[in-house]
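Here's the structure we're looking at; comments come further down.
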Amino acid sequence: MDVNRRKFLTYVGTGMTALTVASTGLGALAPKVAAADKGRDSLFGYENRASKIDFTPIAPTTADELVLPEGYTYDVIAAYGDVINQKGDTFGFNCDFTMYLPIKGSSRGLLLVNHEYTNPLFVEGPVVASYTPKQIEALLYNQGLSIIEVYQEPNTKEWKMDPTSKYARRISGLATFQLTGPSKGTPSVNGATQVQGTFANCSGGATLWDTVLSCEENWETTVNRAGLDTTHYGWVVEVDPFDKNDQYFKPRKHTALGRFHHENCAMGLSKDRRVVVYSGDDKAGACVYKYISKGKFNEAKGKENSKLLEEGTLYAADMEAGVWIALTIDAVREAAKGNQELLNKYQTQADVLVHTHDAAILLGATPTDRPEDVEISPIDNSIFIAHTNNTSKGNFHGHITRFFETDADLGSLTFTYEIFAAGGTQSGFSAPDNLDFDRHGNLWTVTDISTSSLNKGTYEPFKNNGMFVIPTTGKDKGQAFQFASGPVESELTGPWFTPNQKTLFLAVQHPGERSPSLNDLTSKWPHRKGDTMPRPSVVAIKGF
Ligand code: FEO
Ligand code: CA
Ligand code: CA
């Protein structure tokens, strides 16, 4: 997209949204918002491209509660330990990504939820010298995925989980996964074609063929505690939530998408209909990636399109040159010339995919400040990247970067970029993490200030982690309006709207995670009757 077009998009919507400004303790702009006027037809098929914020933003708070704007309420759908099916499986710990999949011919849906890590205080129990087999089982079982069935009570409108569901199940660190792609069965993964389980599941994404991608992020701790092979983790996994016995669609890990600290996946199509998958690598000094399939998407082939994730090219972004660098073994070996250690490490494409980050840096990709969620704008195909922060470089509050692919083609190998919004007291948010768009093209972001830093020093004004809405067009483009504040020591994750955008699913991760003991808790959220500890939970937010 050229600059003029971009400016035009920025101006569309100006004058359509009436905002008045109220002040907060932050000195940030926190407008009280009147309803937007009718928007105009979009050039890209969107009904209304004017920013439309129709809630009164909340102020930052330290309350041990999920605080929402007036008129919005939430239902706790499932909390850690809840029984999810008749077999007695239970909901895992520290929920993250959520994705709602309507059940065809029904008003119900499946909610897929990631579980990112455990906390020995609440899950495994005191660890003496090393993990016992029973503790390893708890560690692995309480990570991975939960698939639960959810519905809205017709009368009360309360969202509930149905524990008699025939679909509900767990796919955990104890499951079996097939490897696909160039690294499968190679010495780079110690010959494995099949590996044990998935864990460290942070965010994820939808495919174009009704399956789900889930991303393995910080896998090292669990690998060490459980004594597993480190090369079997750090991949993008794909499952079919509706195939309840994994009969037709085996859970798989796609090595072609590389092995790094995958935050999430955002899938789209190039103009010539190849599948493109963007992914961030949540580590300070890490790169932004995209994968482009060799073959083209064919809707008629349904889940067979999964094969497109087995053969293609993985690229990393060189932001200085505005170029996507192909991570090929030939390029890596050329760059490694004269360095025998590197030449030994990188002998095949499988090696490049297992050691992706080092290959990307070697080829000149740009190290960035913790690229977490990456999402494709439904309005103009621009790419939004949450760069959470990088304290060692003095970037304490992070920023949201926006890539413009040449010709707005996801298959393009060149791009330009802008800093779309920056964290700090001037914007009111710090440490952006998961991103999502609503139908008006507003960007929703949750924040991830680490628990040890919350409410201290430079992070004090932001209080608890929260959720913000940032218009991407109109005169409020780039301004953040706070929609939610999480309970004590929590992080809000995995926002996902229902197709009618009347409900927002959200995960509340690690409330009270720094509690000194079970008798001395810093949070008891969600404050369910008779409960004695905080529980990571998924909620449904209503009021839209
Ligand atoms: Fe699991 Fe990058 O957050
Ligand atoms: Ca995250
Ligand atoms: Ca995070």
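The values are calculated or read from the model by the stated rules, or taken from the named source; none is laboratory data. Only a predicted model underlies this, so the values are computations on that prediction, with no experimental measurement involved. As a convention, Cβ positions derive from the backbone with ideal geometry for all residues, glycine included, and neighbour counts pool all protein chains shown. Note: accessible area is taken over every heavy atom of the protein model, side chains too, but ligands, DNA and RNA are not part of it. Shrake-Rupley method; radii C 1.70, N 1.55, O 1.52, S 1.80 Å.
Quick look at the values:
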| quantity | calculated |
| --- | --- |
| Identity of the residue in region 430-441, crowded, with 21+ Cβ neighbours inside 10 Å and outside any strand (DSSP E or B), that ends up nearest to ligand 2 (Cβ to nearest atom) | Ala431 |
| Restricting region 409-420 to residues that are open to solvent by 50 Å² or more (accessible area, probe 1.4 Å) and of a type in the set (A, V, I, L, M), the residue that is farthest from ligand 1 (Cβ to nearest atom) | Leu413 |
| Test: residue in region 368-390 that is within 16 Å of ligand 3 (Cβ to nearest atom) and in contact with a helix residue (DSSP H, G or I) (Cβ under 8 Å, 6 or more places away or on another chain) | yes |
| Of all residues making up region 392-408, the number that are at negative phi and open to solvent by 10 Å² or more (accessible area, probe 1.4 Å) | 8 |
| Of all residues making up region 363-373, the number that are surrounded by 21 or more Cβ atoms within 10 Å (Cβ to Cβ) and over 18 Å from Gly394 (Cβ atoms) | 4 |
| Test: residue in region 467-483 that is at pLDDT 95 or above and within 16 Å of ligand 1 (Cβ to nearest atom) | yes |
| Meets criteria (open to solvent by less than 10 Å² (accessible area, probe 1.4 Å) and of a type in the set (Gly, Ala, Ser)) for Gly423 | no |
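To keep it simple, each residue is scored yes or no on (1) more than 22 Å from Gln135 (Cβ to Cβ); (2) in contact with a strand residue (DSSP E or B) (Cβ under 8 Å, 6 or more places away or on another chain); (3) among the polar types (S, T, N, Q).
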{"residue": "Asp210", "(1), (2), (3)": "yes, yes, no"}
{"residue": "Trp219", "(1), (2), (3)": "no, no, no"}
{"residue": "Asn224", "(1), (2), (3)": "no, no, yes"}
{"residue": "Leu228", "(1), (2), (3)": "no, yes, no"}
{"residue": "Tyr233", "(1), (2), (3)": "no, yes, no"}
{"residue": "Val236", "(1), (2), (3)": "yes, yes, no"}
{"residue": "Asp240", "(1), (2), (3)": "yes, yes, no"}
{"residue": "Arg252", "(1), (2), (3)": "yes, yes, no"}
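A quick yes/no check of all residues on (1) in contact with an Asp or Glu (Cβ under 7 Å, 6 or more places away or on another chain); (2) open to solvent by 80 Å² or more (accessible area, probe 1.4 Å); (3) in a loop (DSSP other than H, G, I, E, B); (4) not small (Gly, Ala, Ser):
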site	(1), (2), (3), (4)
Trp496	yes, no, no, yes
Leu504	no, no, no, yes
Ala507	yes, no, no, no
His527	no, yes, yes, yes
Met533	no, no, yes, yes
Val538	no, no, no, yes
